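Shown next, in structure tokens, is the structure this report addresses.
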Amino acid sequence: MELRWDRLNWQDFEDLQKKGYDRVILPLGTIEAHGVIPLGTDNIIPENIAQRIAPDIKAIIAPTVSYGVTRSLLHYPGSLSVSSPTLKAYIFEILSSMVSKGMEKIVIINGHGGHMDELKQIAFEIHEKTRAKVIVIHWWILCQDLGPEIYDTEGGHAAVDETAAIIASAPETVKKDKYSLDMLYHFRQGVNVYPSPSTIIIYKENTGALDFDAKKADDYFKAVCQKVKDFILDIFERWDK
Ligand SMILES: [Zn+2]
């Protein structure tokens, strides 16, 4: 069933709403350098999670917001950014407009770490002002225990977890031949470095090395989608009680 907002016509949209589709998923990311996976990684992954879970949570999938607040990797070729106030105003207006069209539950699936504070603020503000119910999911954090279960190592930025999600979602975009182990940069607490010296960033020493196995990537991404879906359904159920 077609659930993408921008592929439906207005009559389809009305029919879906009559059937109880008063939930919307907004995939959101940015354009940013990402190791051996695409600049749009942070958009591609939330979009694919949305595609896989939308029918089971009775949600319409809004067009992705592809431009976010990019910071430490902005200097790399092809990375783009908008400012924090611009992103906040834009998302606030998009969500307000959706609420005015009868959307009562909003799920933002975020793919990018650089604007998590902004999304938290907007989610609260929308709820305060419209009474719409809002969930923001930073998928890689909610699912951070799944990487070690399948890969025996923790993830990071453009590390094993994000790369696996892209192998499962858009395998043709992965540039395996450009990978070398020295691309992994260990981010340490207590320092700020601009620009980041590498686009693959790990948070614990000797973790995050890429694995290009397609079967493992599929298993990982299936587990991610399941976990995100189960979380949302549990919140919906609790809200409805
Ligand atoms: Zn990313």
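The values are calculated or read from the model by the stated rules, or taken from the named source; none is laboratory data. Note that this is a predicted model, so its numbers are computed, not measured. Cβ: placed from backbone, ideal geometry, glycine included. Neighbour counts: every protein chain shown.
Tabulated data for the structure shown
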{"quantity": "Subset of region 140-168 (residues that are of a type outside the set (A, V, I, L, M) and surrounded by fewer than 22 Cβ atoms within 10 Å (Cβ to Cβ))", "calculated": "144, 145, 148, 149, 152, 153, 154"}
{"quantity": "Residues of region 157-173 classified as within 14 Å of the ligand (Cβ to nearest atom) and touching a residue at least 60 places away in the same chain (Cβ under 8 Å), total", "calculated": "10"}
{"quantity": "Residue check, residue 145 within 18 Å of the chain's Cα centre (by Cα) and without any contact (Cβ under 8 Å) to a residue 40 or more places away in the chain", "calculated": "yes"}
{"quantity": "Matching residues, region 177-186, being under 18 Å from residue 37 (Cβ atoms) and free of Cβ contacts under 8 Å to residues at least 40 places away in the same chain", "calculated": "177, 180, 181, 182, 184, 185"}
{"quantity": "Residues of region 100-117 satisfying the condition of being away from the ligand (no atom under 16 Å from the Cβ) and surrounded by fewer than 18 Cβ atoms within 10 Å (Cβ to Cβ)", "calculated": "100, 101, 102, 104, 117"}
{"quantity": "Some residue of region 168-187 being closer than 22 Å to residue 46 by Cβ, of a type in the set (D, E, K, R) and modelled with pLDDT of 95 or more", "calculated": "yes"}
{"quantity": "Any hit, region 128-141, residues being within 16 Å of the ligand (Cβ to nearest atom) and either in contact with a His (Cβ under 8 Å, 6 or more places away or on another chain) or within 19 Å of residue 210 (Cβ to Cβ) (or both)", "calculated": "yes"}
{"quantity": "Subset tally (residues that are in contact (Cβ under 8 Å) with a residue 40 or more places away in the chain and under 15 Å from the mean Cα position of the chain (by Cα)) for region 110-136", "calculated": "9"}
{"quantity": "Search result, residues across region 9-28 that are touching a residue at least 60 places away in the same chain (Cβ under 8 Å) and either among the β-branched types (Val, Ile, Thr) or more than 14 Å from residue 101 (Cβ to Cβ) (or both)", "calculated": "24, 25, 27, 28"}
{"quantity": "Subset of region 17-76 that is in a helix (DSSP H, G or I) and among the small types (Gly, Ala, Ser) - its residue that is farthest from the ligand (Cβ to nearest atom)", "calculated": "54"}
{"quantity": "Strands (runs of 3 or more DSSP E) fully within region 94-188 counting 1 or more residues that are within 21 Å of residue 231 (Cα to Cα) and in contact with a strand residue (DSSP E or B) (Cβ under 9 Å, 6 or more places away or on another chain)", "calculated": "105-110, 133-138"}
{"quantity": "Any pair with Cβ under 7 angstrom, 6 or more apart, that starts in region 84-103 at a residue that is closer than 18 Å to residue 117 by Cα and ends at one that is β-branched (Val, Ile, Thr) and assigned to a loop (DSSP other than H, G, I, E, B)", "calculated": "84/69; 87/69"}
